[in-house]
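Engineer: I am attaching a structure below and will ask some questions about it afterwards.
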Amino acid sequence: MSDSYANVIAIDGPAASGKSTVARTLAERLHIPYINTGAMYRALAWKLINSSREITSLSSEDISAFLSTTKLACVVNKESGLFEIEIDGVRPGGQLHTDPVSAGASAIATIPEVRSWLLDTQRSMAGETKIVMEGRDIGTCIFPNAKYKFFLTASPEVRAERRLKQNGGAVDPETLARVAADIAARDEQDRNRTTAPLKQAPDALFLDNSELDLEQTIDVILKQVKKRDILLSRNTVLKYRVPYADTDQMGVVYYANYLKYFEMLRTEMMIAAGESYQQMEEHGYALPVIEAVCRYKASAHFEDVLEITGRIAECKGVRVKIECEIHCRGKLLAEGYTVHACINREGRPVRAPQTLIQLMTGEV
Ligand code: CDP
């Protein structure tokens, strides 16, 4: 595990696989920026086409001259709140989505100088907060260390139909065949270029969304992001408002409840890791507590919001140790741990299941 993961949700995939809609919706749901790197290649192609330049016949000097006289920026559109591409002070918007610009973008994207010229701009966009970045090489070249990687695709028929609907065109068989051929040609070019070809990063989640609607696709991605957050931080956080029933005659949380809070956190931890405790039991495992320790530092009261955090501190053979801390308004109230023995249905000790090992190691 490393702290140098880029806080980027990388969504790569072939043309018209639904990337843009998925990436934009995801960013809206998470209230984070969305960057469409395809628009950068499109903007460069748009500029060249407007100046009547033939992209395929540009020499190395032409490219250098072109790039040195081009200013490309990602600016926020005040109305939509989304990033938009500005090239030499102009925002081409919808003009970036014509057929010649699509073909031109794919051609210009094969030129290594262009790709390295864009690399710094794209990398400079990552920071403390998460961003969604969409393209062809985000998880492989721009951010090989991105925390979250997805490779989104769909069948050629579905993609052609989506592209036609997106452009408001009629879905007759002839047009559909032409659009499918255009998409296939671009994919071919994107996959076979030498620099940063379109391919799935080995650690990306492959997601064919031919049979999924937008909500279902977003759901899969959000669950994966959450799971990855937990696996990487190994630190589950649970917020809990103290009810009246948890307090004693002295008006503070009764000491034994802290062990219940530890258990609540364990439940959340497992659900977030993709296998609830109940499912684990169904798979034949149980984790009885064989040791519990809690050190009390300060009291909690009715209606306080507790922040319960924890991690799997040890997962060796049959023994699992889970550490827990309880804070309120930044102050540590209690800390401790539970030790569990992993047993099977017959009550015999067995090695801890994969979910727990994953939580321990941070590997998905
Ligand atoms: O919207 P669509 O998927 O059709 O394409 P796009 O994402 O707007 O990208 C346009 C073209 O730019 C693609 O065909 C790729 O050739 C190129 N591109 C790239 O090479 N690398 C990226 N990170 C993004 C786009």
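The values are calculated or read from the model by the stated rules, or taken from the named source; none is laboratory data. For clarity, every value in this text was computed on a predicted model and none was experimentally measured. Don't worry about glycine lacking a Cβ; one is built from the backbone with ideal geometry, like all the others, and counts go over all protein chains shown. When the accessible area is computed, the model is the full protein with side chains, heavy atoms only, and any ligands, DNA or RNA have been set aside. Shrake-Rupley method; radii C 1.70, N 1.55, O 1.52, S 1.80 Å.
Engineer: Kindly state which helices (runs of 4 or more DSSP H) lie completely within the range 19-78 and contain at least 3 residues that are of a type in the set (Val, Ile, Thr) and within 23 Å of ASN209 (Cβ to Cβ).
Structural biologist: So the answer is 19-30.
Engineer: Under 25 Å from ILE142 (Cβ atoms), part of a helix (DSSP H, G or I) and away from the ligand (no atom under 16 Å from the Cβ): does that describe ARG159?
Structural biologist: Taking the combined requirement at face value, the residue does not satisfy it.
Engineer: So, in the range 208-229, how many residues would count as being within 15 Å of the ligand (Cβ to nearest atom) and among the aliphatic types (A, V, I, L, M)?
Structural biologist: So the answer is 0.
Engineer: Also, quick follow-up: Tell me, which residue of the range 180-198 that is near the ligand (Cβ under 10 Å from one of its atoms) and not in a helix (DSSP H, G or I) is nearest to ALA107 (Cα to Cα)?
Structural biologist: Filtering first and then ranking leaves ARG193.
Engineer: Looking only at the range 22-58, which residues are open to solvent by 40 Å² or more (accessible area, probe 1.4 Å) and out of contact with any strand residue (DSSP E or B) (no Cβ under 9 Å at 6 or more places or on another chain)?
Structural biologist: Correct list: ARG29, HIS31, ILE49, ASN50, SER51, SER52, ARG53, GLU54, THR56, SER57.
Engineer: While we're looking at this one, here's another question. Check every one of the strands (runs of 3 or more DSSP E) wholly within the range 275-364 and list those with 2 or more residues that are of a type in the set (D, E, K, R), within 30 Å of GLN249 (Cβ to Cβ) and assigned by TED's automatic domain parsing to the domain that holds PHE262. Walk me through it before giving the result.
Structural biologist: On the way: elements: 289-296, 305-316, 319-328, 331-341.
Here the list reads 289-296, 331-341.
Engineer: Could you check ALA245 against (1) among the aliphatic types (A, V, I, L, M); (2) assigned by TED's automatic domain parsing to the domain that holds THR21; (3) open to solvent by 30 Å² or more (accessible area, probe 1.4 Å); (4) without any contact (Cβ under 8 Å) to a residue 24 or more places away in the chain and say which number it fails?
Structural biologist: (2)
Engineer: Sticking with this one: Say we look at the range 124-168 and pick out the residues that are of a type in the set (S, T, N, Q) and at pLDDT 90 or above; which of these is most open to solvent (accessible area, probe 1.4 Å)?
Structural biologist: Selected residue: SER124.
Engineer: For the range 99-123, name all the residues that are more than 9 Å from the ligand (Cβ to nearest atom), of a type in the set (S, T, N, Q) and open to solvent by less than 60 Å² (accessible area, probe 1.4 Å).
Structural biologist: Across the range 99-123, the qualifying residue is only THR121.
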